[in-house]
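The values are calculated or read from the model by the stated rules, or taken from the named source; none is laboratory data. All values derive from a computational prediction rather than experimental measurement. Here the Cβ positions follow ideal geometry from the backbone for every residue, glycine too, while neighbour counts run over all protein chains shown. We work out accessible area using only protein heavy atoms, side chains counted, and drop any ligands, DNA or RNA first. Shrake-Rupley method; radii C 1.70, N 1.55, O 1.52, S 1.80 Å.
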Amino acid sequence: MIRFAGDSGDGMQLTGDRFTSEAAAFGNDLATQPNFPAEIRAPQGTLPGVSSFQLHFADYDILTPGDRPDVLVAMNPAALKANIKDLPKGGILIVNTDEFNKRNLVKVGYATNPLEDDSLADFQVHEVAMATITIGALEETGLGKKDAERAKNMFALGLLSWMYHRPTEGTERFLREKFSKKPDIAEANVLAFRAGYYYGETTESFAVTYEVAPAKLNTGTYRQITGNTALAYGLVAAGQQSGLPIVLGTYPITPASDILHELSKHKNFGITTLQAEDEIAGIGAALGASYGGALGVTSTSGPGIALKSETIGLAVMTELPLLIIDVQRGGPSTGLPTKTEQSDLLQAMFGRNGESPVPIVSPRSPSDCFDAAMDAVRIALTYRTPVLLLSDGAIANGSEPWLIPDVDDLPDLSVEFATEPNATDGSGEFWPYVRDPETLARPWAIPGTPGLQHRIGGLEKADNTGNISYEPDNHDRMVRLRQAKVDGIEVPDAIVDDPTGDAKVLVVGWGSSYGPIGAAARRVRKLGLPVAHVHLRHLNPFPKNLGDVLSRYDKVIAPEMNLGQLALLLRAKYLVDVMSYTKVQGLPFKAEELQDVLADVIKGVGA
Amino acid sequence: MTTIDLGLPELGGLAGVPTTDEPQKAKDYKSDQEVRWCPGCGDYIVLNAVQSFLPSLGLKRENIVFVSGIGCSSRFPYYMNTYGMHSIHGRAPAIATGLAVSRPDLSVWVVTGDGDALSIGGNHLIHTLRRNVNLKILLFNNRIYGLTKGQYSPTSETGKITKSTPAGSLDHPFNPVSLALGAEASFVGRALDSDKKGLTEVLRQAAEHRGSALVEIYQNCPIFNDGAFDVLKDADDAKRRIINLEHGKPITFGVDGEYGVVRSGFAGLEVAKISEVGMESVVVHDATLEDPSYAFALSRLSAQDLSHTVTGVFRNVKRTTYDDAARDQVEKAKAAKPADLAALLRGKDTWTVLSD
């Protein structure tokens, strides 16, 4: 496990990304976790400006980006200070000594140079003057010193590539493509990359090199994918499988903007992307498109959901399909824009006026975003309802190998628009609120259909006819019908992972905590402590078997990156004494800490 | 950033919307819902004018959609036997934008009021106008909040005594036409609810215009702001106050046409007596001028106290519409690259795991 850390201008995300591609190409399983500041360029050399990228790769299947790195690459004192606490004793520390001058040390509060005192004695420290060597290596290119120095991240990548025997052709090709308009810069980066590689090969200080064999994964063709890309692809696929044009109405917001960027590249699939004037207009345009028979989608993060709430309510009332994507980040308010959290569950569940039920779907890993997106679209189209998809920052920017699905195996999402009058009184009229007896969905009658002219809106509707109605019994009935429709949505049963079948403790999670919870469960099982794990894709409605599952165990624990939102829902619905383990630091759980938590609980009930 | 000439063909406002040879009548556009505005409300007259006017377009009724926000006027769609959505406060232009972008075969109309369009929905209005989405926006301006029972609105005159401003409102009002022109709206017009002929003419030109058309309609609220426009309805008074624009004609008004609009200062306009300045000084109206400054100067002749009010079509220029351009991008992308889902999912870098 490797962590690259440097200044946010040092190109750490690019470096990490390339190493990831190298690992993927080699057939390792991997998981990544970028961590970067909200400021585009925070003050140079300071702690807030530290940007890091952690990569976990191995020859077995991996569930998390890892807790503690085996190797830390620190490009400056700030990066060292911000990350050294995570490096275990004996870990490898590679330091760019060029940045360890007095000014930079003082800036982050080092009284003495940690490279010169004993503070790093527990680690295998490799001091490398990366900038100096890079500049030296690029001397003959005629590139200015400043430009040459900027290639030091590629030097670091080269060094690590050598240490782990990574294939290098892909990176060299990537650099030449990336800088195809500036061939001299491309060659400089390639040279710096090679310089790093050769430096490792020729320097005696790196006595040991590592070789990680390809992982044993299920057979098939894989690619590396981030959550936001997988989500965008899921939408493209849903458009193809439903035969509907997609209209994404959205407003840029971290960490959801990449969904807009990705979808805007795929107009050839009949996708229209509309960057609106604000969050409200984004969802408004999406709903307008849905009204016209397209698949309306909007993407945002928590603050955007707050603004979109009234329109989500309108979609509940007008019973039109609509997909609302919330890539959660730290809150409340602007909160921690670039950090992850899963604290919008109750907002998704209840954050609207009136009784306003909305189905909630949540992916558990980057690649799972593809399936989650298609499933959310299925629910929206089948039940004519807005659906909230709760991703989060860790999933959105994290990546993992994805077993590419066969297009022929993707579900059919086709829908039928209403074409005929349907009044149940024989009048030959069209009534927009006559429901399908199975799904309770109302007909989707789009403008342009002759004879079905009708009016819908946010005012309460009379059952069946859809005319405005303030009648007390009708309102009561309609509130209950809308709730019953969402409650009746078909979702697959929850699957419990309990290899020995004798666990007395159940750990229940949702969203991006799948990795750390799963890894922690494996670890405690290895210690002889049985534990069952259930991970929820559907948070509203819950799977039908969930109540039974929860009641089977002596103890249920729900780790969440919030203050216990799922626990609250489970306790309320099932009257089960769910124990909450919570952490809201803007970072994913570590398998190590969850391992300790689970072990304590299991020992407590007497395994 | 390079700009791209989209080279789109020039289209009429209703191009792409299916027509019918079946003769239509006003009553075909009346829905079965009982109209529930207060007796004497100006909205009745506008509803009647729109229902009388639409048959002349010869469109299939099912291809017409009215989208509204919240407010008295926003009940409008319920009374039209077309498709319609009564949405939420201020957001109708956003919802209509999504509909217009995805459905070139629809004639989309937005019905809104001074509170809906200029207060809570001000942002959507200006952005819709700058994008030039092919929507017809009817802004019913009664200079008061009616549905919430009588608070001042963003077009109420300064000092207005209302339920929420017992000591007089402090706000300086918007001139909706000036606002729309500031957002470079490609079509801006104004009419009076009581002037069916004038209103119909502005509606006709708006319908034919491809792009956003903002039509401000002065509308009387008999309950909370009765008589707000009475000075424009008295026969003689109206002639002295209303400056009606006709494209290609000198801008004159008055009981005997004794007043005219002439140039004033730096790009401004003012009212003058023709007998003093001579007919040759009177501006000949040209709604197609590219530079919005002229139409803006015209809009500034309207005063808060209605001492003068300009009606008719201020501006009517051709500009690529957002929805045409958006569809064009999609069509060009489709033509350039087949929609190969399997290839997209595979991407460039893959590896295959074989069974042992």
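Miscellaneous remarks
- Of all residues in region B:74-109, exactly one satisfies the criterion of being open to solvent by 10 Å² or more (accessible area, probe 1.4 Å), more than 8 Å from chain A (Cβ to nearest Cβ) and of a type in the set (Ser, Thr, Tyr), namely B:Tyr79.
- Count - residues of region A:458-495 that are touching a strand residue (DSSP E or B) at 6+ places or on another chain (Cβ under 8 Å), in a loop (DSSP other than H, G, I, E, B) and within 14 Å of another protein chain (Cβ to nearest Cβ): 8
- Once region A:270-290 is narrowed to residues that are among the hydrophobic types (A, V, I, L, M, F, W, C) and farther than 22 Å from B:Lys334 by Cβ, the residue that is nearest to the other protein chains (Cβ to nearest Cβ) is A:Ala281.
- Which listed residue, of A:Gly142, A:Gly136, is on the phi > 0 side of the Ramachandran plot and over 34 Å from the mean Cα position of the chain (by Cα): A:Gly142
- All positions within region A:130-175 that are of a type in the set (A, V, I, L, M) and open to solvent by less than 30 Å² (accessible area, probe 1.4 Å): A:Met130, A:Ala131, A:Leu138, A:Ala148, A:Ala151, A:Met154, A:Ala156, A:Leu157, A:Leu159, A:Leu160, A:Met163, A:Leu175
- Region A:305-330 - residue that is open to solvent by 10 Å² or more (accessible area, probe 1.4 Å), in a helix (DSSP H, G or I) and in contact with a Ser or Thr (Cβ under 7 Å, 6 or more places away or on another chain) and, of those, nearest to the other protein chains (Cβ to nearest Cβ): A:Gly313
- Members of region A:443-457 found to be within 13 Å of chain B (Cβ to nearest Cβ), open to solvent by less than 40 Å² (accessible area, probe 1.4 Å) and of a type outside the set (Val, Ile, Thr), listed by number: A:Trp444, A:Ala445, A:Pro447, A:Gly448, A:Leu452, A:Gln453, A:His454, A:Arg455, A:Gly457
- Residue in region B:304-311 that is modelled with pLDDT under 95, open to solvent by 80 Å² or more (accessible area, probe 1.4 Å) and within 21 Å of B:Pro176 (Cα to Cα) present: yes
- Scanning region B:323-340 turns up at least one residue that is more than 9 Å from chain A (Cβ to nearest Cβ) and in contact with a helix residue (DSSP H, G or I) (Cβ under 7 Å, 6 or more places away or on another chain).
- For region A:1-36, taking the residues that are within 11 Å of chain B (Cβ to nearest Cβ) and closer than 14 Å to A:Ser399 by Cβ, the one that is surrounded by the most Cβ atoms within 10 Å (Cβ to Cβ) is identified as A:Ala23.
- Applying a threshold of 8 Å to beta carbon distances and a minimum spacing of six or more residues, or different chains, the list of pairs starting in region B:18-35 at a residue that is closer than 20 Å to A:Arg455 by Cα and ending at one that is open to solvent by 50 Å² or more (accessible area, probe 1.4 Å) and assigned to a loop (DSSP other than H, G, I, E, B) reads B:Gln33/A:Asn467.
- Identity of the residue in region A:251-269, farther than 18 Å from A:Ala376 by Cα and assigned to a helix (DSSP H, G or I), that ends up farthest from the other protein chains (Cβ to nearest Cβ): A:Ser257
- Scanning region B:11-27 for residues that are assigned to a helix (DSSP H, G or I) and open to solvent by 50 Å² or more (accessible area, probe 1.4 Å) yields one hit, B:Lys27.
- Of all residues in region A:84-99, those being β-branched (Val, Ile, Thr) and not in a helix (DSSP H, G or I) number 3.
- From A:Ser333, A:Ser299, residue being buried (at least 20 other Cβ atoms within 10 Å of the Cβ), of a type outside the set (Val, Ile, Thr) and at pLDDT 95 or above: A:Ser299
- Flag if A:Leu93 is touching a Phe, Trp or Tyr at 6+ places or on another chain (Cβ under 7 Å) and either closer than 30 Å to A:Val190 by Cβ or small (Gly, Ala, Ser) (or both): yes
- Some residue of region B:41-56 being over 18 Å from the mean Cα position of the chain (by Cα) and at the interface with chain A (Cβ under 10 Å from one of its Cβ atoms): no
- Conditions (1) more than 11 Å from chain A (Cβ to nearest Cβ); (2) more than 21 Å from the chain's Cα centre (by Cα); (3) in a strand (DSSP E or B); number of the one not met by B:Arg315: (2)
- The single condition among (1) assigned to a loop (DSSP other than H, G, I, E, B); (2) touching a residue at least 60 places away in the same chain (Cβ under 8 Å); (3) surrounded by 19 or more Cβ atoms within 10 Å (Cβ to Cβ) that A:Pro411 does not meet is (3).
- Scope region A:235-250; condition open to solvent by 50 Å² or more (accessible area, probe 1.4 Å) and within 11 Å of another protein chain (Cβ to nearest Cβ); matching residues: A:Gln240, A:Pro245
- Some residue of region A:404-418 being more than 14 Å from every other protein chain (Cβ to nearest Cβ) and within 30 Å of A:Tyr222 (Cβ to Cβ): yes
- Between A:Ala599, A:Ala591, A:Ala567, A:Ala572, the distinction of being open to solvent by less than 70 Å² (accessible area, probe 1.4 Å) and over 21 Å from A:Thr500 (Cβ atoms) belongs to A:Ala567 only.
- Flag for A:Lys555 being open to solvent by 60 Å² or more (accessible area, probe 1.4 Å) and not hydrophobic (A, V, I, L, M, F, W, C): no
- Looking at region B:215-309, the helices (runs of 4 or more DSSP H) lying wholly inside it that each contain 2 or more residues that are within 25 Å of the chain's Cα centre (by Cα), under 30 Å from B:Cys72 (Cα atoms) and aliphatic (A, V, I, L, M) sit at B:292-299.
- Just one of the listed residues (A:Ile489, A:Ile495) is modelled with pLDDT of 95 or more, β-branched (Val, Ile, Thr) and within 30 Å of A:Glu460 (Cα to Cα), namely A:Ile489.
- Cβ-Cβ under 6 Å pairs, at least 6 apart or on other chains, region A:520-543 side touching a residue at least 40 places away in the same chain (Cβ under 8 Å), far side of a type in the set (Val, Ile, Thr) and assigned to a loop (DSSP other than H, G, I, E, B): A:Ala521/A:Val531; A:Val524/A:Val531; A:Pro530/A:Thr500; A:His538/A:Val491; A:Pro541/A:Ile489; A:Pro543/A:Val491
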